[in-house]
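The values are calculated or read from the model by the stated rules, or taken from the named source; none is laboratory data. Please read these numbers as outputs of a predicted model, since none were measured by experiment. All Cβ positions, even for glycine, are placed from backbone atoms using ideal geometry, and neighbour counts span all protein chains on display. In case anyone asks, the SASA skips ligands and DNA or RNA and just uses the protein heavy atoms, side chains included. Shrake-Rupley method; radii C 1.70, N 1.55, O 1.52, S 1.80 Å.
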Amino acid sequence: MTGAGRGIGRALAVGLAAEGADLVLVARSRDQLEDTAALVGTNARVIPADLGDLAQVAEVAAEAGPVDILINNAAVPWPAGPTATVDPAEFAYAVAVNVTAVAALTIHLLPGMLQRGWGRIVNLSSGAAQVPAFLNGGNAYTTTKSAVEGHSVNLAAELADTGVTVNIYRPGTVDTSMMTWVRDGGGRRMDPKVHEFFADVQDRGDLLTPDQSAGYLLARLAGDDTGQTWHAADGVIAELAEES
Ligand SMILES: NC(=O)c1ccc[n+]([C@@H]2O[C@H](COP(=O)([O-])OP(=O)(O)OC[C@H]3O[C@@H](n4cnc5c(N)ncnc54)[C@H](OP(=O)(O)O)[C@@H]3O)[C@@H](O)[C@H]2O)c1
């Protein structure tokens, strides 16, 4: 479980533990991971790592040992702002965390899943991939989530009939620190319409809680579907798609 220190990742970890899973919790902030581990109250190992660094991704995979369910949830929403002003190094780091680490962890853990004939890989995406024009000034994030979706569907086709499934989860519009950042932090560098849209969603009380969003994914996780794009039941994205 990557990005398990807070937000949707923490809620997924708690939900998976309730189903009896032993967990490996990954993110950069050790204190947040330890808080999640305390909440989980089952067999949970904490591995602090920066997934933007391929060497650390390899260390995480080695330390984790055999993994049956890989949830690639960690992501960064930045850099934001007019693309001509974005630092290419920050863009590359976002690709490293949001895309390369997703593929690299999969590459490291897939042989074991194939050997055991069972595995579940879920890659978190976003409405940004569903409506790519919307996040105006969020080009890096939109680019990475679109890439994750292509990677996931292609890999699912490759792994057909192996017992290993690969699916995409678009978690809806969820009340997390990432959403606060998009609405009121660095995300303010995006088109003002983006800020207004998410401020309005919050004012209307339409944000999902992390627990609600995690619940939609957990309900689908054990099934045999593969190559699917799963959505949280979120009217906000439907509204966005209609507007665009
Ligand atoms: N919230 C929403 O409305 C929304 C909507 C669409 C999609 N999503 C997607 O849902 C997923 C979870 O988002 P969230 O809202 O729960 O975000 P969040 O609250 O910001 O949590 C992100 C998690 O990822 C970890 N992370 C970030 N950079 C990392 C790095 N370099 N290495 C390791 N871990 C890293 C963070 O921990 P550290 O900072 O400690 O590393 C944190 O645990 C993301 O893939 C996001 O794109 C969210």
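Close amide H partners of residue 230, meaning residues 5 or more places away or on another chain with modelled amide H under 5 Å apart, are 168, 169, 170.
When each full DSSP H helix of the chain is screened for a Cα extent of at least 20 Å along its own axis and an average Kyte-Doolittle hydropathy of at least 0.5, the helices passing are 101-116. Per-residue ellipticity at 222 nm computed for the chain from its helices equals -15000 deg cm²/dmol, with DSSP H segments shorter than 4 residues left out and the rest contributing -39,500 (n - 2.57).
Taking a sphere under 9 Å around the Cβ of residue 45 and counting the other residues whose Cβ falls inside, with K and R at +1 and D and E at -1, yields a net charge of -2.
When the Gaussian network model of the chain links Cα atoms closer than 10 Å, the mean-square fluctuations of 50, 31, 68 top out at 31.
The listed peptides 217-227, 139-149, ordered by packing as a protection proxy, come out as 139-149, 217-227 (highest mean of other Cβ atoms within 10 Å first). The protection proxy used here, the mean number of other Cβ atoms lying within 10 Å of each residue, ranks peptides 4-14, 192-202 as follows, highest first: 4-14, 192-202. Each Cα pair under 8 Å and six or more residues apart adds its separation to the average, and for the range 7-233 the resulting relative contact order is 22 percent.
All other residues whose Cβ lies under 12 angstrom from that of residue 167 are scored, Lys and Arg at +1 and Asp and Glu at -1, for a net of 0. The ellipsoid equivalent to the alpha-carbon distribution of the range 84-139 has semi-axes of 30, 15, 5 angstrom, derived from the gyration tensor eigenvalues as √(5λ) and listed largest first. Computed over the alpha-carbon atoms, the chain gives an Rg to Rh ratio of 0.95, Rh here being the Kirkwood radius from the mean inverse distance.
Decide, for the range 23-162, between rounded, prolate and oblate: order the square roots of the alpha carbon gyration tensor eigenvalues as a ≥ b ≥ c, take rounded if a/c falls under 1.5, and otherwise choose prolate if a/b is larger than b/c, else oblate. Judged from the Cα gyration tensor, the range 23-162 comes out oblate (a/c at least 1.5, b/c at or above a/b).
Ligands, DNA and RNA left out, the 1.4 Å accessible surface of the chain is 51% carbon and sulfur atoms. Remark: the range 7-233 carries 44 Å² of accessible area per residue (probe radius 1.4 Å; ligands, DNA and RNA excluded). Length available on full extension from residue 218 to residue 83: 0.36 nm per residue minus the Cα-Cα distance, which gives 45.0 nm. What does the charge count near residue 79 come to, summing +1 for each Lys or Arg and -1 for each Asp or Glu among other residues with Cβ under 14 Å from its Cβ? So the environment of residue 79 carries a net charge of 0.
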